[in-house]
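Read the structure below first, then the notes.
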Amino acid sequence: MKSLFLNFIFLFGFIFSIHTQQGDVVAPSTTLPNPVIPGFNPDPSVCRVGDDYYLVTSTFEYFPGVPVYHSKDLINWEHIGYCLTRNSQLPLDNCRSSGGIYAPTIRYNKGTFYMVTTNVSGKGNFYVHTQDPAGEWSEPVWVNQGGIDPTLFFDDDGKNYLVTNAMADGKTGIALSEIDLATGDILSPIQHIWGGTGGRYPEAPHIYKINGWYYLMIAEGGTEYGHMETIARSKSIWGPYESNPDNPILTHRGLPGQYLQVQGTGHADIIEAHDGSWWMVFLAFRKAGGDFHHLGRETFLTPVTWNEQGWPVVSADDIVSPDIKVKTLPLVSVARPLVRDEFDKSQLNLCWNFLRNPDPATWSLAERPGFLTLAGNSVTLDQSSSPAFVGRRQQHFNCTATAKLEFEPSAEGETAGITVLMNEKHHYDLHIIREGEKKCITLSYRIGNLKHVAFKAPLPEGPVQFRITAEPLWYTFSYLPAGASEFIPAGKMESRYLSSEVAGGFTGVYLGMFAEGNAKSKATPAYFDWFDYDGKD
Ligand code: 6LW
């Protein structure tokens, strides 16, 4: 039965593409188009104010940090801003790849939104707050409780609590303390409240108060193929918590291997919708072919019901099938993201990210209006630092990314182009270099300690277009020199060598523009005229 569901994965992807391609209001969907936020969007957390839903995800070494998404139906999400937009909120100096910002939680209390998270490369757990989730958020309020995956709970009696996966009372698992929301001060002993059902890494806690019960839902098993979601409850927030006899409520561990299979389900948050229905957002990843995934962990949605014993049920067999038929909320479609970014605004579109805190001298939208100017410094893509890089998540297995670049390097060592990047040790770059008197285009691969130049050819003066064509198992690179009428192939390389299983870490592939200078002279500016991203699946 399970394999029947899984064989429809490809079909559901097609249905999904029809659903989102229309971009206008459609009849309530009966086939849930998962992932609802594709591409590197892990550790989702959701809250509701009236019939408005807000969701945040993890961002690690990327800046700005913690994107805020808005929806009216939990299916169509619009990126409306970021929680962490200032260096003072998000210092990422010396942040290793997949360091920085781990799982966030978003909650709403008495007119104020709170986002609590962990900077594992900084001072640990903190929260920021705002009255406008699309606007600026506050400076960090640091909380002196260890662990990661913090969440907040506001009780009916006005007491406020912080929960993390921390050691407490000599036990590993979930720890609770009462806090002063205004200052972040811990007002109680930090107490161990549950260790989970025996899976490794009990984490990602969230507390809900429903019908007089305190429900504590967590992830266990680690965020890979053993991931699962479990839940317990108590009449007191301090416990003791009794475990749901039907745990886990969600897991895909042990499913037979299938093309494009959804795996790693866990790290969930649940929400009661404005029509009284219940839903769960959770992270999962879609395998590209064999047992590897490169788009990162994505945000999925599934309905939740409650059984007669008062426990939440995700599905009869703990599996979220790819073609799940559900009664949805009335659908309110959001504008489709840009295909072509002309860089003709005073600010970057929200899809664009930097690696760590950007050096303002390396990028500009003002230097040449209508162009994104990148000025390489001595930092290269091979370093765990902040190169001249502007990138966006790859959100589709099948997509094309095309960029037009004007770059006439005058010094050896200067380069600029586009990249498919998982981290500093795993990226494929199609870029322009200067060799003696010649301007050349080069395709180079970095896979761990291996660096390989796969293609090199002379280039005429003038603008050049670079193209990355992505399929589940391959990236194909081509270019269009000034004066040419057809794209010229430069090479193709497997996607698996940029996968999480090979590269490690918690992020997903970015498609980006970059420039590198040499330490001796002022960098020749790289002028990116436009960037197209066209998702096909
Ligand atoms: C997240 C935690 C986890 O904080 O990975 O493996 C961390 N589990 O829940 C980063 O996503």
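Taking 0.36 nm per intervening residue step and subtracting the Cα-Cα distance, what contour gain separates T30 from I186 on full extension?
Values: separation 156, 0.36 × 156 = 56.16 nm, distance 4.60 nm.
Stretched fully, the T30-I186 segment lengthens by 51.6 nm.
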List the pair-distance distribution P(r) of region 414-472, using every Cα-Cα distance, as the percent of pairs falling in each 10 Å bin from 0 up to the bin containing the longest distance, rounded to whole percents.
21, 52, 24, 3
Using bins 10 angstrom wide from zero, how does P(r) for region 199-277 break down, in % of all Cα pairs?
18, 43, 28, 9, 1
Could you sort 189-197, 484-492 so that the peptide with the highest average Cβ count within 10 Å comes first and the rest follow in order?
189-197, 484-492
Regarding region 261-306, what is the average projected area of its C-alpha convex hull, in nm²?
3.7 nm²
Measuring from its Cα centre, region 340-535 shows a charge dipole (+1 at each Lys and Arg Cβ, -1 at each Asp and Glu Cβ) which, in debye to the nearest 20, is 320 debye
Quick one: 3J(HN,Hα) in Hz for region 33-45, Karplus 6.51/-1.76/1.60 with θ = phi - 60°, rounded, Gly and Pro as x.
x, 8, x, 7, 10, x, x, 4, 9, x, 6, x, 9
What Kirkwood hydrodynamic radius, in Å, does region 76-172 give when the mean of 1/r is taken over all pairs of distinct Cα atoms and then inverted?
14.4 Å
Based on alpha-carbon atoms only, what is the radius of gyration of region 2-313 relative to the globular estimate 2.2 N^0.38 Å?
0.96
Which is farthest toward the positive dipole end of the chain among G491, W77, F292, measuring Cα position about the Cα centre, with Cβ charges +1 (Lys, Arg) and -1 (Asp, Glu)?
G491
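Over region 198-245, what per residue volume does the convex hull of the Cα atoms give, in whole Å³?
Dividing the Cα hull volume of region 198-245 by its residues yields 76 Å³.
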Over region 256-324, calculate the relative contact order: mean separation of alpha carbon pairs under 8 Å at least 6 apart, over the residue count, as a percent.
26 percent
Whether region 340-535 is rounded, prolate or oblate, judged on the alpha carbon gyration tensor where a/c under 1.5 counts as rounded
rounded
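Using a Förster radius of 51 Å, what is the FRET efficiency between T112 and D532 based on their Cβ-Cβ separation? Nearest 0.05, please.
Numbers: r = 39 Å, r/R0 = 0.77.
With a Förster radius of 51 Å, E is 0.80.
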So for the pair E272, S410, with labels modelled 7 Å out along Cα→Cβ, what separation do we get in nm?
6.7 nm
Using a 1.4 angstrom probe and counting only protein chains, how large is the accessible area of T30 in Å², to 10?
80 Å²
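E471 to N449: FRET efficiency via 1/(1 + (r/R0)^6), r the Cβ-Cβ distance, R0 22 Å, to the nearest 0.05?
Values: r = 27 Å, r/R0 = 1.22.
Between E471 and N449 the formula returns 0.25.
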Towards the positive end of the charge dipole of the chain, with charges on Cβ (+1 Lys, Arg; -1 Asp, Glu), say which of F113, P205, H227 has the farthest Cα.
H227
Tail fraction, Cα-Cα pairs, the chain, threshold 36 Å, whole percent
32 percent
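Rank by packing, highest mean first: peptides 358-369, 205-216, 466-477, with packing defined as the count of other Cβ atoms within 10 Å averaged across residues. Intermediate values should be presented prior to the final figure.
Values: 358-369: 14.6, 205-216: 17.8, 466-477: 20.2.
Packing order, densest peptide first, comes out as 466-477, 205-216, 358-369.
Let me make sure I get this right: for region 257-353, a, b and c are the square roots of the gyration tensor eigenvalues over alpha carbons, sorted descending. Under 1.5 in a/c it's rounded, otherwise prolate if a/b > b/c, else oblate. Which is it?
On the way: a/c = 2.59, a/b = 1.43, b/c = 1.82.
Oblate, since a/c reaches 1.5 and b/c is not below a/b.
Over the chain, what is the mean sequence separation of C-alpha contacts under 8 Å (at least six apart), divided by residue count, expressed as relative contact order in percent?
Values: 1514 pairs, mean separation 77.0, N = 537.
Reported relative contact order: 14 percent.
Can you check what the Kirkwood hydrodynamic radius comes to for region 38-116, Cα pairs only, in Å to one decimal?
That comes to 13.1 Å for region 38-116.
Using only the alpha carbons of region 163-322, what is the convex hull's orientation-averaged projected area in square nanometres?
On the way: hull surface 43.5 nm².
The directionally averaged projection comes out at 10.9 nm².
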At 0.36 nm per residue, minus the direct Cα-Cα distance, what do E461 and E367 gain on full extension? Give it in nm, one decimal, please.
31.7 nm
Shape metrics for region 146-222, restricted to C-alpha atoms - Rg then Dmax, Å
12.2, 36
Descending packing, highest mean Cβ count within 10 Å first, for 251-261, 225-235 is 225-235, 251-261
Compactness ratio of region 317-390: Cα Rg over 2.2 N^0.38 Å, N = residue count?
1.73
At a Förster distance of 41 Å, what's the computed FRET efficiency of A134 paired with A482, Cβ-Cβ distance as r, to 0.05?
0.50
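How do D269, D185, D534 rank by accessible surface area computed with a 1.4 Å probe, from largest to smallest? Write down the numbers at each step before the final one.
Working: D269 0, D185 85, D534 45 Å².
The residues order as D185, D534, D269, largest area first.
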Taking a crude spin-label model, label points 7 Å out from Cα along the C-beta direction, the R48 to Q347 distance in nm is 2.9 nm
Dipole of the chain, positive direction: furthest Cα of P44, W363, A457, with charges on the beta-carbon
A457
In debye, nearest 20, what is the charge dipole magnitude of the chain about its Cα centre with +1 on Lys and Arg Cβ and -1 on Asp and Glu Cβ, if you could check?
760 debye
Taking N as the number of residues in region 152-192, what is its alpha-carbon radius of gyration divided by 2.2 N^0.38 Å?
1.14
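The values are calculated or read from the model by the stated rules, or taken from the named source; none is laboratory data. What you see is a predicted model, and the numbers here were worked out from it, not measured in a lab. Virtual Cβ from ideal backbone geometry, glycine too; neighbours counted across all protein chains shown. Surface accessibility is based on the protein's heavy atoms, side chains included, excluding ligands, DNA and RNA. Shrake-Rupley method; radii C 1.70, N 1.55, O 1.52, S 1.80 Å.
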